[in-house]
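Accompanying notes for the structure given below.
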Amino acid sequence: MSRDKTGSEAGEPQPAAADEGSGTGVGDSAAGTGTDRRAKTRRAEAGRAEAGRGRTAGRWAGGILLLACTGALAAGTAVAGVGTSGGAVEVPFAEVPAGPLTGVCPEPPRLLSGNVAGTDAEFSPESKSAKSVVSAVVLAAAGNLPPAAELSSVPDGAVLKAVGGGTGVPLAGDRTAGVVRDQPVSAASLLSAEPDGELQVTAGAALTYTAADGDLAGLTAAACQAPANDLWLVGARTNVGASAVLQLTNPSSTPADVDLELYGASGPVDGPGSRGIAVAPGETRSVVLAGLAANQESLAVRVRSSGGPVAAVISQNQLRGLTPGGVELIQPTAAPGPAQVVTGVSIQDPEATRRLAKEDGYASVTPSLQVAVPGASDAVVNVRVFGADGEVPLEGGGSYNAAAGTVTRLPLDTLPGGTYTLDISSDVAVAASAVFSRGSDAKVGTDLAVAPAGERLGSEHLAVLPSADTTLSFAAPGGAAEIRLAAVSADGVLLEEKTVQLNAGSSISVRPGGLGASAAAVLVSATGAPVYGAQVLTAGDTGISVMVLPRGTVGGSRVQVGVGY
């Protein structure tokens with residue numbers, strides 16, 4: 001990896017220079033007056049305050065919307081609430097009627113063939129123990145039957161399973177649900193649901209992949225996400241032993257023309273073949289990212305589609321010699337903005353991680369926050385960490401400078417073992433994800449996870465529980481809040497709601513089993529200070545994956561309309 005004139009490796013954060021006037025302020029890395037540096041600090045603090053007023057930048061598709069991170073759905077129009085200057089933009093709202101909902105469940109991970117050249121993917125047979133399943137839930141309004149919904153295959157449109165519908169008549173105050181658990185899939189699939197009368201339906205789905213053997217051994221889960229025209233994915237790598245394949249799926253009847261923007265540790269990457277990628281209706285196109293941006297330890301990808309909207313994930317896996325290093329479906333992160341919150345960051349014993357990182361080829365197990373700065377201005381980034389007992393200090397103070405057009409890594413290996421939330425503020429727009437691993441024995445192997453930044457929780461977020469051991473992680477960085485949780489049982493009954501108090505500046509974990517023994521999904525609502533949440537999935541001694549919670553469906557027909565980044 002190249003080093004810059006400061007002696008640091010490309011992609012490493014540069015500590016923010018201290019303000020000469022106070023000795024404690026965050027300064028600009030470039031030469032300038034103390035007033036300039038203090039102004040940058042005030043803008044960074046303003047970015048954090050902006051998060052308290054709600055995070056609404058989104059990934060919406062014209063006419064259809066599915067919640068991009070765990071599968072809850074809502075109708076909408078494409079937005080990106082970031083201006084070219086990197087600051088926040090006031091984006092107007094528009095009312096749209098409830099409409100049919102479409103969510104794309106990604107193609108299960110597949111192993112690249114050893115003779116792949118360029119960007120076109122060829123795949124080898126999967127492991128014998130690999131299992132890929134989709135679970136889906138469609139929750140009706142009180143007194144209504146679940147509306148018609150189905151899971152279908154993207155390539156041929158064949159119906160895999162009906163989800164909603166029914167003939168019974170529920171009581172006036174009761175809410176029932178259509179539930180599908182563990183439907184086997186071998187390709188990209190769709191969840192389609194009709195409106196609940198005049199209301200937007202509350203529905204969602206998630207794919208779970210597990211394998212106990214082979215090069216793709218590990219656990220990963222991903223939402224059936226909304227097709228959109230502008231998506232950001234952060235946390236990929238294409239260096240030795242790493243494989244990253246971008247999946248682009250077009251569920252619409254309109255051809256999509258996709259352009260990619262790539263950012264690495266040293267700056268933007270102009271990969272040949274990154275523009276004008278044609279994705280036909282009903283097609284999933286796989287793009288080998290190493291053919292566009294090789295030998296990248298940290299990679300962010302912006303996906304922009306004209307014509308039909310697309311769903312996008314990065315199928316990431318790591319191989320260290322003959323030992324599997326994990327698999328993950330990297331999901332879209334929140335659109336760039338001056339404030340981001342990453343929840344569900346699971347840190348294992350730091351001493352065990354540091355010992356493993358010293359083994360040949362294992363340096364990438366070190367947990368890190370990866371921040372992309374897509375604009376033309378350098379960023380002053382401030383990071384605060386919140387755990388079960390409140391704020392946890394970061395070594396070096398958590399403030400650093402990040403160059404424009406780059407992806408920087410802030411190591412998190414000094415944090416004690418636990419589950420954390422990262423509160424990120426910047427004086428310019430940034431996108432962020434956290435990358436970490438599970439497992440401490442080089443002979444056994446590890447798994448990897450990428451936690452994208454999420455959005456503020458409101459009312460009726462339906463978190464579908466994948467087929468793995470799941471914990472819900474919540475945090476309220478800016479103040480006290482209240483969370484209301486109600487499980488949807490496997491037989492389609494909305495169980496009694498339970499209330500959880502969340503202290504200011506703390507992170508809590510909730511086991512869905514405590515809400516109902518047979519929970520297939522959890523309905524989440526939050527009031528008070530801004531709350532953020534994620535699902536942390538584990539399996540065995542090493543399996544791990546993370547999904548952020550979806551956008552709520554109450555008021556989901558009122559959406560923002562804006563220009564692209």
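Bear in mind these aren't lab numbers, they're just calculated from the coordinates by the rules spelled out. What you see is a predicted model; the values in this text were computed from it and never measured. As a convention, Cβ positions derive from the backbone with ideal geometry for all residues, glycine included, and neighbour counts pool all protein chains shown.
The table below gives the values:
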{"item": "Mean Cβ count within 10 Å, highest first, over the residues of peptides 244-252, 477-485, 200-208, 180-188", "result": "200-208, 244-252, 477-485, 180-188"}
{"item": "Whole-number Å³ per residue for the convex hull built on Cα positions in the stretch 235-355", "result": "141 Å³"}
{"item": "Kirkwood Rh in Å, taken over the stretch 52-560 so that all alpha-carbon pairs contribute", "result": "22.2 Å"}
{"item": "Quarter of Cα convex hull surface for the stretch 385-466, i.e. mean projection, nm²", "result": "8.4 nm²"}
{"item": "Local electrostatic count, Ala188, Cβ distance below 13 Å [Lys/Arg +1, Asp/Glu -1]", "result": "-1"}
{"item": "Most to least packed among 437-443, 373-379 [average Cβ atoms within 10 Å]", "result": "373-379, 437-443"}
{"item": "Ranked list, fewest to most other Cβ atoms within 10 Å of each Cβ, for Val488, Val435", "result": "Val435, Val488"}
{"item": "Taking Ser368, Ser298, Ser518 and counting other C-beta atoms within 10 Å, the order from fewest to most", "result": "Ser518, Ser368, Ser298"}
{"item": "Segment Lys443-Ser306, extension gain: residue separation times 0.36 nm, minus the distance between their alpha carbons", "result": "44.7 nm"}
